[in-house]
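Below is one structure; the comments refer to it alone.
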Amino acid sequence: MTASDAQHPRHQLVDELSHPVRFSMVAALATTEESEFGMVRDHLQVSDSVLSRQASALEEAGLVRIRKGYVGKRPRTWLSLTDAGRARWAQHLAALQAIARG
């Protein structure tokens, strides 16, 4: 390979998505506008604390939006991807596909 060759696709992987729970969470959120915390937790088969910690890390990175509110008198939390999160998810998937193609 020469310096003028294209960069290996692994350089396009999104570091924040290297954690399996974060990857799975973003994959689940990519198919929805917004998902309730409990539904995501159950789908990913993780504890509240694991999901909360990983969602907060993705929120800090600007990939996930966390919205809190109430349904009746019960507190609820909803998760959604930001526009940047959707773009970074697409970038990450494209890099994985390019790597898989060799």
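Given the conditions (1) among the aromatic types (Phe, Trp, Tyr); (2) part of a helix (DSSP H, G or I); (3) more than 17 Å from LEU93 (Cα to Cα), and given that TYR70 satisfies all but one, which numbered condition is not satisfied?
(2)
Is it the case that ASP5 is surrounded by fewer than 14 Cβ atoms within 10 Å (Cβ to Cβ), at pLDDT 95 or above and not hydrophobic (A, V, I, L, M, F, W, C)?
Working: surrounded by fewer than 14 Cβ atoms within 10 Å (Cβ to Cβ): yes; at pLDDT 95 or above: no; not hydrophobic (A, V, I, L, M, F, W, C): yes.
The answer is no for ASP5.
Restricting attention to segment 15-31, does a residue exist that is buried (at least 17 other Cβ atoms within 10 Å of the Cβ), of a type in the set (A, V, I, L, M, F, W, C) and more than 25 Å from GLN97 (Cβ to Cβ)?
No, the conditions are met nowhere in segment 15-31.
Taking the residues in segment 73-102 that are β-branched (Val, Ile, Thr) and either touching a helix residue (DSSP H, G or I) at 6+ places or on another chain (Cβ under 8 Å) or assigned to a helix (DSSP H, G or I) (or both) as candidates, determine which candidate is nearest to ARG53 (Cα to Cα).
Restricting to residues being β-branched (Val, Ile, Thr) and either touching a helix residue (DSSP H, G or I) at 6+ places or on another chain (Cβ under 8 Å) or assigned to a helix (DSSP H, G or I) (or both), the top hit is THR77.
Would segment 24-45 turn up any residue that is of a type in the set (Phe, Trp, Tyr) and free of Cβ contacts under 8 Å to residues at least 40 places away in the same chain?
Looking for residues that are of a type in the set (Phe, Trp, Tyr) and free of Cβ contacts under 8 Å to residues at least 40 places away in the same chain, one finds none in segment 24-45, hence no.
Taking only segment 47-67 into account, find how many residues are touching a helix residue (DSSP H, G or I) at 6+ places or on another chain (Cβ under 7 Å), part of a helix (DSSP H, G or I) and not aliphatic (A, V, I, L, M).
Summing the residues that are touching a helix residue (DSSP H, G or I) at 6+ places or on another chain (Cβ under 7 Å), part of a helix (DSSP H, G or I) and not aliphatic (A, V, I, L, M) in segment 47-67 gives 2.
The values are calculated or read from the model by the stated rules, or taken from the named source; none is laboratory data. Quick caveat: nothing in here was measured; it's all calculated off a predicted structure. Using ideal geometry, Cβ is built from the backbone for each residue, glycine included, and neighbour counts are taken over all protein chains shown.
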